[in-house]
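Just below is one structure, and these are the notes that go with it.
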2 protein chains.
Amino acid sequence: MSEEEILLQQLFEEEKLTEKQKKIIVAAIESFSEKGYAATSTNEIAKKAGVAEGTIFRHYKTKKELLVSIVAPLMTKLIGPVIVNDFHKVLDRPYEHAEDFLRAAIEKRREIIKKMLPVIKIMIQEIPFQPELREQFLEQIARKTFDRILIVIKSYQDKGQLIEMPTLSAARLVISTIFGYLISRYIFFPESEWDDELETERTIQFIMHGLGKK
Amino acid sequence: MSEEEILLQQLFEEEKLTEKQKKIIVAAIESFSEKGYAATSTNEIAKKAGVAEGTIFRHYKTKKELLVSIVAPLMTKLIGPVIVNDFHKVLDRPYEHAEDFLRAAIEKRREIIKKMLPVIKIMIQEIPFQPELREQFLEQIARKTFDRILIVIKSYQDKGQLIEMPTLSAARLVISTIFGYLISRYIFFPESEWDDELETERTIQFIMHGLGKK
DNA sequence: AATAAAAGTGAGTAATCACTCACTTTTATT
DNA sequence: AATAAAAGTGAGTGATTACTCACTTTTATT
């Protein structure tokens, strides 16, 4: 199975898509992520997909509906691990040390981003301009991620593993550090050589102990 | 002087602009940052500025030239403090403690972002799609900022104030943390209530000592 | 095999796009 | 005050835009 087919299957698991519809989605993802949503014409998508322009509008009422049909499932997919993995593993069978939680959390996100990079780029680009996507992101992703991290941090604070900084600020700092790493790694400097295991450990070390000399 | 006039003067210091040209720039900044560059029409800019559409093209050959004429001066402005302030103050009359350097660096960036927010939004949005802007950003901003931070970190490592993590990784982590804070503060959750002084101190504390209990 | 429903087509459409140009008005130069 | 240059105008341009629709082809249902 090709890379595109894997991405499609990941995103549209149970949805029934015709062959031409799949080609439209693949073409749209490629063009949207390279040129941006507004700068991509439906004509261009149709040509790249090898279908008639009318076929696009047979499946999607508008160009925006095509965009949303691609980005919305991504967000659903993104929030999955937050609810399932982090929650249960930490609270039911918790990682004993905060370090182990961080390591698992970073690895999981790295894996997702690696697979879904073009769609994630589209999401990041269009969230500021599409209220529909913006709302779904804030309510579904940002809020829930934040809430989970709050709970997890509180639990490690109670265990005495973390300092007593307000959980809200601590959460912000942890999230900034992790996503700062992943965004540097995959968006800003994907061309640089990265020793992922090493950088992950340094990121964890930084979160736990900072840069100051003991 | 109105907010817009201050921003204009900051960005276009010595450049001679006619009154109508100023109105075009103000209108363009507003529309580009709200709807995005590609989704903004020159007709719309002209109407908002209260000028004829032809007037835009009297001053700018193309719509893209208008975009670049707004974002390029911002980048020049952004790199200023990196060369002047940080370099001289740290190396000639250095801040004795890394904390003091961080505090000054964060405050300076916060001040700039506060003033230039809409233009910064346009820059962030368009860098991925405009090779001209992308190159200027990587060469002028990213690279020089990184180089300076490397030097500064090295100097504090030599003073024994920082642990011996490779400066490259340390620089990445410091930059992620600072800009993670500023992006959360001004881009993601500008509506939330922020105690800026407190959050700045917590950010510094986090960089220096992490979250782990001593 | 007959029928209906769904998928696919591509020429066509009105609206909008960035940009031009002949012309007028304002400003600077002598 | 005369002249030239610069700034401003707005109707007009061909190209492109998202989207439609009457029609054909493919697939599913009986």
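The values are calculated or read from the model by the stated rules, or taken from the named source; none is laboratory data. The shown structure was predicted, so the numbers you read here are calculated from the model rather than taken from an experiment. Cβ coordinates were reconstructed from backbone atoms using ideal geometry, including for glycine residues, and neighbour counts include every protein chain displayed. All accessible areas refer to the heavy atoms of the entire protein, side chains included, with ligands and DNA or RNA removed. Shrake-Rupley method; radii C 1.70, N 1.55, O 1.52, S 1.80 Å.
Heavy-atom accessible area with a 1.4 Å probe sorts B:Asp158, B:Asp147, largest first, into B:Asp158, B:Asp147. Under the convention that each Lys and Arg Cβ holds +1 and each Asp and Glu Cβ holds -1, the size of the dipole of the protein assembly as shown around its Cα centre is about 560 debye. Considering only B:Phe146, A:Leu78, A:Ile175, the residue lying farthest towards the positive end of the dipole of the protein assembly as shown is A:Leu78, judged by Cα position with unit charges set on Cβ. Distances between copies at A:Lys154, taken between label points 7 Å from Cα along the C-beta direction, are 4.6 nm in increasing order.
Of the GluC sites (Glu not before Pro) in the stretch A:138-204, the ones in a loop by DSSP (not H, G, I, E or B) with at most 11 other beta carbons within 10 Å are A:Glu164, A:Glu191, A:Glu193.
In this structure the stretch A:68-214 gives 47 Å² per residue of accessible area when probed at 1.4 Å with all protein chains present. Remark: the stretch A:170-179, residue by residue, has Karplus-estimated 3J(HN,Hα) of 4, 4, 4, 5, 5, 5, 4, 5, 5, 6 Hz, where x stands for each Gly or Pro and the curve is 6.51 cos²θ - 1.76 cosθ + 1.60 at θ = phi - 60°. What percentage of all Cα-Cα pairs in the protein assembly as shown are separated by more than 41 Å? Of all Cα-Cα distances in the protein assembly as shown, 21 percent exceed 41 Å. Straight-line cross-link partners of B:Lys35 among the aspartates and glutamates, defined as a Cα under 17 Å from its Cα and at least 8 positions apart when in the same chain: A:Glu126, A:Glu132, A:Glu135, B:Glu44, B:Glu126.
Quick one: putting +1 on the C-beta of Lys and Arg, -1 on the C-beta of Asp and Glu, what dipole do you get for the stretch A:3-59 around its Cα centre, in Debye to the nearest 20?
Charge dipole, the stretch A:3-59, about its Cα centre: 320 debye, nearest 20.
Extension gain, B:Lys108-B:Ser192: 0.36 nm per intervening residue step, less the Cα-Cα distance, totals 28.1 nm. Between B:Leu168 and A:Lys48, the modelled label-to-label distance comes to 3.3 nm, taking each label 7 Å out from Cα in the direction of the beta carbon.
Taking 0.36 nm per residue of sequence separation and removing the Cα-Cα distance, the B:Lys115/B:Glu13 pair yields an extension gain of 35.2 nm. Around the Cα centre of chain A, unit charges on the Cβ atoms of Lys, Arg, Asp and Glu (plus for the first two, minus for the last two) sum to a dipole of about 480 debye.
Ranked from largest, the principal axis spans of the Cα set of the stretch A:67-209 equal 46, 35, 25 Å. Seen from B:Ser69, the other residues with C-beta closer than 15 Å to its C-beta sum to a net charge of +3, counting Lys and Arg as +1 and Asp and Glu as -1.
Inter-copy label distances for B:Glu139: 4.6 nm (label point placed 7 Å from Cα along Cα→Cβ; shortest first). Residue by residue, what Karplus-based ³J(HN,Hα) values in Hz, rounded to whole numbers, does the stretch B:23-38 have, using 6.51, -1.76 and 1.60 with θ = phi - 60° and x for Gly and Pro? Along the stretch B:23-38, the couplings run 5, 4, 5, 4, 5, 5, 4, 4, 5, 4, 6, 7, 10, x, 4, 5 Hz. Between 0 and 90 degrees, the angle of helix A:196-209 with respect to the longest Cα principal axis of chain A falls at about 40 degrees.
Take the solvent-accessible surface of the protein heavy atoms, probe 1.4 Å, and return the percent of it on chain A that carbon and sulfur atoms account for. Walk me through the intermediate numbers first.
On the way: 5910 of 10930 Å².
Carbon with sulfur: 54 percent of the solvent-accessible area.
Summarised as an ellipsoid, the stretch B:91-141 has semi-axes of 29, 15, 7 Å, derived from the eigenvalues of the Cα gyration tensor scaled by 5 and square-rooted, with the largest first. Using θ = phi - 60° in the Karplus curve 6.51 cos²θ - 1.76 cosθ + 1.60, the 3J(HN,Hα) couplings for the stretch A:75-82 round to 5, 4, 5, 5, 7, x, x, 4 Hz; x is entered for Gly and Pro. Sorted from greatest to least, the principal axis extents spanned by the alpha carbons of the stretch B:1-160 come out as 62, 35, 24 Å.
Sites listed here are trypsin sites (Lys or Arg not before Pro) in the stretch B:1-72 whose DSSP assignment is loop and whose Cβ has at most 10 other Cβ atoms within 10 Å: B:Lys16, B:Lys61.
Note on the stretch A:1-45: semi-axes of the ellipsoid equivalent to its C-alpha gyration tensor, largest first and rounded to whole Å, are 20, 11, 9. Counting from the shortest, the label point at A:Pro118, 7 Å from Cα toward Cβ, is 3.5 nm from the same position in each remaining copy.
Extension gain, A:Glu65 to A:Ser41, is 7.3 nm, computed as 0.36 nm per intervening residue step minus the present C-alpha separation.
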